[in-house]
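Undergrad: Starting off with a structure, shown below.
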Amino acid sequence: MRLIKIEEVVVVTLLSAVVLLVFIAALLRWFGLSVAWSIDMAQLLFVWVCFIGADLSLRIDKHIGIDMLTKKFPLKVQNIIALLNNILIMAFVLLIFYYGTKLGIKNYKRHFNTMPISYSYVTFSAPFGCLLMALTVIGRIKKNIMNFIKNDYSSLVKEEKLEGGQII
């Protein structure tokens, strides 16, 4: 839970900074002043928002998902499908982590056009976000395996709430 709170604070702070930078750049451009570095900085911060936010949404189970078919299966089958899905996600995340790290290392000499900052700060956001997602997926895989061991699949049942707070 603590990591979720840290991720929320980081994402909200970085996204607020992005909005502020773009607003100030647009406002100053309206007055004829150019702040070209602010767009590069906004892009740098936004990519970090995307990858940390991707883990945050995965961690709180708010990623897009289509479960119209799978929720009709017995809970044990749903757990098998979830486990296989998590294994595929883990493979993908580890692949992005590996190649993203290689790309980040290659980009250390490349700099932004308007700032003396290495472009590797952008490219390392992908492996960092994927590392966070790998930790999340490890927890999910552990939960799937524990469901099998305990033969208890109640953790798969999700309560859906209507707008008035009524549980369906």
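Undergrad: Can you give me the angle between helix 2-30 and the longest principal axis of the chain, using Cα atoms only, in degrees from 0 to 90, rounded to the nearest 10?
TA: The helix 2-30 is inclined about 30 degrees to the chain.
Undergrad: Roughly how many Å is it from the Cα centre of the stretch 1-18 to that of the stretch 71-94, as a whole number?
TA: If we compute the Cα centre of each part, the gap is 28 Å.
Undergrad: Still on this model: On each of the three principal axes of the Cα atoms of the stretch 15-56, give max minus min coordinate, whole Å, ordered largest first.
TA: Per principal axis, max minus min of the Cα coordinates gives 39, 14, 9 Å.
Undergrad: Moving on to the next point. Mind pulling the angle between the C-alpha long axis of helix 125-150 and the longest principal axis of the chain? Nearest 10 degrees, somewhere in 0 to 90.
TA: Orientation of helix 125-150: about 10 degrees from the principal axis.
Undergrad: Counting only protein heavy atoms, what percent of the accessible surface of the chain is carbon or sulfur at a 1.4 Å probe?
TA: So the carbon and sulfur contribution to the accessible surface is 70 percent.
Undergrad: In whole Hz, what ³J(HN,Hα) sequence does the stretch 90-101 give by Karplus (6.51, -1.76, 1.60; θ = phi - 60°), x for Gly and Pro?
TA: With the stated coefficients, the stretch 90-101 comes to 4, 4, 5, 5, 5, 5, 5, 4, 5, 6, x, 5 Hz.
Undergrad: Which order, highest average first, do 41-52, 62-73, 8-19, 93-104 follow once you tally other Cβ atoms within 10 Å for each residue and take the mean per peptide?
TA: 41-52, 93-104, 8-19, 62-73
Undergrad: Shifting gears a bit: Could you state the accessible area per residue of the chain in Å², with a 1.4 Å probe and every protein chain left in place?
TA: Using a 1.4 Å probe on heavy atoms only, each residue of the chain averages 70 Å².
The values are calculated or read from the model by the stated rules, or taken from the named source; none is laboratory data. Note that the structure is predicted; figures quoted are calculated from it, not measured. With ideal geometry, Cβ positions are generated from the backbone for all residues, glycine too; neighbour counts draw on all protein chains shown. We work out accessible area using only protein heavy atoms, side chains counted, and drop any ligands, DNA or RNA first. Shrake-Rupley method; radii C 1.70, N 1.55, O 1.52, S 1.80 Å.
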